[in-house]
Every structure is written in structure tokens, then in C-alpha cells.
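The values are calculated or read from the model by the stated rules, or taken from the named source; none is laboratory data. Because the structure is a prediction, the values reported are computed rather than measured. Please note: Cβ atoms are built from the backbone with ideal geometry, for glycine as well, and neighbour counts cover all protein chains shown.
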Amino acid sequence: MEFQPIASLLHESQHEKKVRVRGWVHRKRSSGGVAFIVIRDASGIIQVAVKKDRVSDESMRAAEEALMEAHVETEGIVQKDRRAPGGFEMRALDFRIRHSAKPFPISRDKSTEFLLDIRHLWIRSQQQTHVMKVKAQMLESIRLLFKKKGYFETTPPIIVSGACEGGSTLFTFDYFGKKAFLSQSAQLYLEALIYSLEKVYAITPSFRAEKSRTVRHLAEYWHVEGEEAYMDLDGLLKFEEELVTFVCHDLAKKSSEELRALGRDPAELLKVKTPFKRLRYNDAVELLREKGSHIKEGHDLGAEEERLLTEKEAQPIFVTHFPKKIKAFYMSEDPEDSKTVLCNDCLAPEGYGEIIGGSQREDDVKKLEARLRTEGQNPNNYEWYLDLRRYGSVPHSGFGLGAERLLRWIAKLEHIRDTVPFPRVINRSYP
Ligand code: NSS
């Protein structure tokens, strides 16, 4: 008999059917000649009742000896049972340990640091499993929207020779005797690709040597970036809000069970709709002051300011037109005010804050060179990028979405490290 996925057994149609299942011992308790063993596979969990008078002595012994996380196989009859988790139980006819387990080191009282040290085992937990399933669906939904919009998926490099987002968060390493960096963003390469493909995106790891510990910074994260020829800031905002809305709705439909288990009501995601509120930087500063913030004019928004702006919101908002001097060299100057740039941050509601950074790109080579120098960069290292403005340049815009930032909000998670199986944060690259 074939092994069946556990989730396929949790249906009326399976009542009294004889089935075969394999998986890991998730939980276990025994009472009066019955072992209740909850078995887990990738699709779900089911309680298996192994009863002395229904199985061989050998099966009973195996059920008694099986420790948490042992790998087991069992055959039995599915029974509707309201007392069982998920409403169904399997009454075992046979039970075997295929691979035993040592006493499992994880129990309820363990510290966060311990759980991070033992992450390779902790990722088997239900919470982590739900998050990873939602993340897989989220990436699929993102790709679906790009496809609908006619974008090509591309594969920009991870080893790069220049900074995109300033020198302070660059990871440097030795590349055959020369200095190279781990990519902070694929943007500059995506910009090069629009001249043949016009609409491109990439989902790549990005690296930031973030020196501080926060609940929203990783040293390695997955970056969803899009770039489109002929697009201006207004078109960019429309694309971003459509992407976020589409992903929220698609997840509410396709990952509702996992979301509910994580504490996110899918109905809240279905309420997200376009257009998002748009706020210019200057107006955001004014609003922040009304809310009691002491933010100085011309300073960037930090986590606290973003929290103040979004904690009462039910869906994301945009902040646009930031001062030029606090933003990256590649952002287009606002033709109506040379002190500001045509850019946006998209902030997730409920206090979560920035999930996307985007902008219309600067087309003028001279301005780009000057801005690079102001940033302390040598324009010679960006010759190839400057070339893009020398050969048939067109207006274009793009954005970068932090996959883990989006997921943290959607799955209502306290800490960004729980959006990745093996988080890379300051002082941690193990396991
Ligand atoms: O620095 S960004 O704001 N913008 C860029 O990198 C642009 N070059 C992207 C582009 O236009 N193609 O980063 C973009 C997003 C930001 O909004 C966050 O959601 C996320 O990347 N981000 C991070 N996520 C997790 N951890 C860290 N450290 C992090 N830094 C940025």
C-alpha cells in the first residue's frame, strides 16, 4: 500500500478507510495500554492511537519506545473523532520505528538563544513550518503578478564591484586578490537589463552589514526588485500598490489556514485595496510632529517615526519626495524642487514600517557623477553604470521589496528572524 499524505486523511471521505502513513513523532502520551502518537509530515499532523489489543506486541513495544522526532511508519483505520486534533484519528494496526531519535533537546522552557543555536531542529516546529509555507506561497504570488504584468525574471550577480546603497553596510571580501562586495541590491544591473527587456525583475539574496540588533534587520535577506523602462514615479507607486495588494489577496485565499494559525486573520488582508494613501515627506514630518515626534527637518524616518505614521493604519501607505541629501545617488531629482528626489518608501500598517524603497532614476550623467562624489564614491568605479545614460537612455523607475519585511507584516511576526529558516544577524552565522 502507498503512503498517503497526512492532510489527505483529514476528510469525511476517509472515515473507516485503511491507510498507510509515514512521518516524524511530533508529540506523544500514553495512558492505560494506549499510546497516542501525533505524527507529522509535510502536509500536516494526525493522532495515531496504538492500542495493545489491536496490534502485535512488537508494534506496541515500538510505540512505547518511539521518542519525539523518531521517524515512523504506521498502517491503520481512519476514524472521525472530535477529540482528536484536526477531528480525525488513526487506529493503528501496525506501527514501526524506521529511524530512532535521541531524546529531543527542545522543550517549552528553552531560551531564544538556545533555539537559535539549535535552529536546524527548531525549524521542524509548527510555527516555523507555517511561516515557511506562507513564504513559499508569497514568492509564488509575487512571481505570478510579475508574469501577469509582462516582466522577465533575470539573474543579476551577487558578487559586485561597487556599492548601491552606500559604503557603510557593505560586506567586503577577497576576490582573487582584488576587493569585491556582496550585493546590497540588484538594481544597477536590472537598470542595465531594461535596454533589451524593458520590464525586468529579480529575486536575489541581498547583504547588509547591519551593525545594530533590531526586529527588522537581517544581514542576509531576499530582495524582490523590479525595474521598468518609461515608468515614472506615479506609475511606480501604482505598480507597488498593485503588487502588495495582489500578494495580500492571493495569500488570504491560498494560505488562510497557516495565516490563521500564526494569528493573522485573512479577512484583514482581503481589506487591503488600492490606492494606498500618499504622503509627501514634508507632510509626513508635519504629521509626525503633531503626533509628538521630535524628528528634525531633513532627517530620514527611523523605525519609531514609521511606527507613529502607520500604527493606526489598516493598510500600507506611501511616503514620497524625500530630501535629496539623505537618499541614494541614483534617485532622480524632482524637476520642481532640486532639493528633493522622486522616490518613495512603502510602509506596512500596524506599526510594521518600511517594506519597499523605490524611485525614478536619474538620467543625467553629470548629476550622477556629482552625486557619487558627494557620497564619497569614485565615479570611475561606476563607468559601466554611467554608460547606461550614454547609449539611448530612457526614463525608468524601479523598487526593492524586502521579502522578509513583507512576510513579517503579513504573518504578524514579532521578529524578522522568524521569517527565514537560518537567520543571519550580527554575531550569528551558525547553524
Ligand atoms: O535600501 S533599500 O531601501 N533600497 C534598495 O536597495 C534599492 N536599490 C532597491 C531598488 O530600487 N531596486 O532596500 C529595499 C528594501 C527595503 O525597503 C526593505 O524592505 C529591505 O529592502 N531591506 C531589508 N530587509 C531586511 N533586512 C535588512 N537589513 C534590509 N535592508 C533593506
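Hey, among Glu286, Glu297, Glu290, which residue is at pLDDT below 95 and over 23 Å from the mean Cα position of the chain (by Cα)?
Exactly one residue qualifies, and that residue is Glu297.
Checked against (1) out of contact with any helix residue (DSSP H, G or I) (no Cβ under 7 Å at 6 or more places or on another chain); (2) free of Cβ contacts under 8 Å to residues at least 12 places away in the same chain; (3) of a type outside the set (Ser, Thr, Tyr), Lys327 passes all but a single condition, namely (2). Within segment 14-56, restricting attention to residues that are among the polar types (S, T, N, Q) and out of contact with any helix residue (DSSP H, G or I) (no Cβ under 8 Å at 6 or more places or on another chain), the residue that is surrounded by the fewest Cβ atoms within 10 Å (Cβ to Cβ) is Ser31. Could you go through segment 177-190 and let me know if any residue there is closer than 19 Å to Ala348 by Cα and either part of a loop (DSSP other than H, G, I, E, B) or at pLDDT 95 or above (or both). Within segment 177-190, none of the residues are closer than 19 Å to Ala348 by Cα and either part of a loop (DSSP other than H, G, I, E, B) or at pLDDT 95 or above (or both).
Comparison of Arg213, Arg208 shows that the only residue that is within 23 Å of Asn344 (Cβ to Cβ) and either among the basic types (Lys, Arg) or surrounded by fewer than 17 Cβ atoms within 10 Å (Cβ to Cβ) (or both) is Arg208. A single entry from Glu220, Glu198 fulfils the requirement of being more than 15 Å from the ligand (Cβ to nearest atom), among the acidic types (Asp, Glu), surrounded by 14 or more Cβ atoms within 10 Å (Cβ to Cβ) and farther than 22 Å from Glu369 by Cβ: Glu198.
Annotation note: Cβ proximity below 6 Å between a residue of segment 221-232 that is hydroxyl-bearing (Ser, Thr, Tyr) and a residue that is within 12 Å of the ligand (Cβ to nearest atom) (sequence gap 6+ or interchain) occurs for Tyr221/Ser206; Tyr221/Gly402; Tyr221/Glu404. With respect to (1) part of a strand (DSSP E or B); (2) farther than 21 Å from Gln128 by Cβ; (3) not aromatic (Phe, Trp, Tyr), the lone exception for Glu2 is condition (1).
Number of residues in segment 170-195 that are away from the ligand (no atom under 13 Å from the Cβ) and either among the charged types (D, E, K, R) or touching a Phe, Trp or Tyr at 6+ places or on another chain (Cβ under 8 Å) (or both): the value is 8. Within segment 97-116, residues that are within 22 Å of Ala35 (Cα to Cα) sit with their Cβ atoms under 9 Å from residues that are assigned to a helix (DSSP H, G or I) and of a type in the set (Phe, Trp, Tyr), at 6+ positions apart or across chains, in these pairs: Pro105/Phe114; Ile106/Phe114; Ile106/Trp122.
Any idea which of Lys147, Lys133 is surrounded by fewer than 14 Cβ atoms within 10 Å (Cβ to Cβ) and assigned to a helix (DSSP H, G or I)? Write out each step before concluding.
Numbers: Lys133 fails: surrounded by fewer than 14 Cβ atoms within 10 Å (Cβ to Cβ).
Being surrounded by fewer than 14 Cβ atoms within 10 Å (Cβ to Cβ) and assigned to a helix (DSSP H, G or I) holds for just one of Lys147, Lys133, which is Lys147.
Any residue that is touching a Lys or Arg at 6+ places or on another chain (Cβ under 6 Å), touching a residue at least 60 places away in the same chain (Cβ under 8 Å) and of a type outside the set (A, V, I, L, M, F, W, C) - is there at least one of those in segment 378-392?
Checked segment 378-392: no residue is touching a Lys or Arg at 6+ places or on another chain (Cβ under 6 Å), touching a residue at least 60 places away in the same chain (Cβ under 8 Å) and of a type outside the set (A, V, I, L, M, F, W, C).
If you go through segment 57-80 and pick out every residue that is of a type in the set (Ser, Thr, Tyr) and surrounded by fewer than 16 Cβ atoms within 10 Å (Cβ to Cβ), you end up with 0. Scanning segment 75-126 for residues that are of a type in the set (Val, Ile, Thr) and assigned to a strand (DSSP E or B) yields Ile77, Val78, Ile97. Within segment 150-176, the set of residues being in a helix (DSSP H, G or I) and touching a residue at least 60 places away in the same chain (Cβ under 8 Å) comprises just one member, Gly167. Filtering segment 11-69 to residues that are among the small types (Gly, Ala, Ser) and assigned to a loop (DSSP other than H, G, I, E, B) leaves Gly32, Gly33, Ala42, Ser43, Ser56, Ala66.
Those strands (runs of 3 or more DSSP E) of segment 317-417 in which at least 1 residues are more than 10 Å from the ligand (Cβ to nearest atom), out of contact with any strand residue (DSSP E or B) (no Cβ under 6 Å at 6 or more places or on another chain) and modelled with pLDDT of 95 or more, considering only elements entirely within it, cover 337-341.
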